[in-house]
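Taking it in order: structure first as structure tokens, then the write-up.
The values are calculated or read from the model by the stated rules, or taken from the named source; none is laboratory data. The model shown is predicted, which means the values in this text are computed figures rather than measured ones. All Cβ positions, even for glycine, are placed from backbone atoms using ideal geometry, and neighbour counts span all protein chains on display.
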Amino acid sequence: MRTPLIAGNWKMHMKIADALDLVTGLHYGLRGAKAEVVVAPPFTALYPVAQKLENSFIDLAAQNMHYENKGAFTGEVSSDFLTDLGVHYVILGHSERREYFAETDEIINKKVLKALEAGLKPILCVGESLEQRERGDAFKVIGNQLGKNLNGFPLDAPLVIAYEPIWAIGTGKTASTQEIQDMHQFIRAFVGEFLGNSLAQETRILYGGSVKPDNAKEILGLSDVDGALVGGASLKVSDFSQIVNAAK
Ligand code: PEP
């Protein structure tokens, strides 16, 4: 049985006071939730939010990390710094990191393996552009990203994959339920062939891309969808709570 996971990616939003208000609202509003709930604040809010969530069921993710432990990497944050704060998950390979910060599949692969070594659970994001989908290349692109990003992944390590079609992120467009189910099924089959059926059955595959309270139930009800990675709608207690409560 895969427990559904709903993760909120706050991106570059939320000063400390706003972040604390948001998690306080979620903590009281979501008690008894059936899904696992994770929030990913910006680095500056991680420590205060970690302290606030010390006795909470809500878990903490970082939005990125470097693949080295320490050293002359100005502006970077290592996996050790994250575990030091009590962070358990890390989002890796988000399309915004790939596009605006030139993260290659090889860099993402190094980060995934380093996260595991540090005891962090990677939430690996993959997704195709609109042009790639319209060309009929969506499955090829996702297979290629998975193969490179998961190179050397141990067969018994925790894995969460977020399928996020780039054209659906922050645009208000969602993939159709058929497109989502087909891609999630493909991803599970790919993981099965690449890393074994047991890991494929345990891997949670989240959908991300304009998930909102009014489409969450339909998307989260699909058989190979094990949760959601939520951007914009994770910034409001009521929207995010409705999405969490829509999880099967
Ligand atoms: C995201 O950035 O991971 C995301 C899914 O954003 P949104 O929900 O705003 O489309």
Would you point out the residue of segment 118-133, among those that are in contact (Cβ under 8 Å) with a residue 12 or more places away in the chain and in a helix (DSSP H, G or I), that is nearest to F153 (Cα to Cα)?
A118
Exclusive hit being under 24 Å from Y47 (Cα atoms), touching a Pro at 6+ places or on another chain (Cβ under 8 Å) and of a type in the set (G, A, S), set A138, A175, A62, A115:
A115
Hey, does segment 83-97 have a residue that's under 27 Å from D182 (Cα atoms), in a helix (DSSP H, G or I) and touching a Gly at 6+ places or on another chain (Cβ under 6 Å)?
yes
If you take just the helices (runs of 4 or more DSSP H) that sit entirely in segment 192-248, which of them hold at least 1 residues that are within 16 Å of the ligand (Cβ to nearest atom) and under 20 Å from P154 (Cβ atoms)?
none
Can you confirm whether I108 is within 30 Å of N55 (Cβ to Cβ), among the aliphatic types (A, V, I, L, M) and touching a helix residue (DSSP H, G or I) at 6+ places or on another chain (Cβ under 7 Å)?
no
Scan segment 99-117 for residues that are part of a loop (DSSP other than H, G, I, E, B) and within 16 Å of the ligand (Cβ to nearest atom) and jot them down.
F101, E103
Just name the residue that is surrounded by the most Cβ atoms within 10 Å (Cβ to Cβ) out of those in segment 58-108 that are under 18 Å from G208 (Cα atoms) and acidic (D, E).
E96
So H27 fits all but one of (1) assigned to a loop (DSSP other than H, G, I, E, B); (2) buried (at least 17 other Cβ atoms within 10 Å of the Cβ); what number is the exception?
(1)
Can we say V49 is buried (at least 16 other Cβ atoms within 10 Å of the Cβ) and farther than 21 Å from V244 by Cβ?
no
Those residues of segment 33-46 which are part of a helix (DSSP H, G or I) and either buried (at least 18 other Cβ atoms within 10 Å of the Cβ) or modelled with pLDDT under 95 (or both) amount to A45, L46
So is A189 within 15 Å of the ligand (Cβ to nearest atom), free of Cβ contacts under 8 Å to residues at least 40 places away in the same chain and assigned to a helix (DSSP H, G or I) or not?
no
Examine segment 236-247 for a residue that is crowded, with 18+ Cβ neighbours inside 10 Å, touching a residue at least 24 places away in the same chain (Cβ under 8 Å), polar (S, T, N, Q) and in contact with a Lys or Arg (Cβ under 7 Å, 6 or more places away or on another chain), and state whether such a residue exists.
no
Verdict on I180 being aliphatic (A, V, I, L, M), in contact with a helix residue (DSSP H, G or I) (Cβ under 7 Å, 6 or more places away or on another chain) and more than 18 Å from I142 (Cβ to Cβ)
no
Just a yes or no: is a residue in segment 144-153 away from the ligand (no atom under 15 Å from the Cβ), buried (at least 16 other Cβ atoms within 10 Å of the Cβ), more than 15 Å from G127 (Cα to Cα) and at pLDDT 95 or above?
yes
Matching residues in segment 177-226 (among the hydroxyl-bearing types (S, T, Y) and within 15 Å of G127 (Cβ to Cβ)) number 2
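Looking only at segment 79-98, count every residue that is among the polar types (S, T, N, Q) and away from the ligand (no atom under 13 Å from the Cβ) and tell me the total.
Qualifying residue count, segment 79-98: 2.
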If I ask for residues that are under 18 Å from the mean Cα position of the chain (by Cα), part of a loop (DSSP other than H, G, I, E, B) and more than 10 Å from the ligand (Cβ to nearest atom), which ones from segment 163-185 would you list?
A175
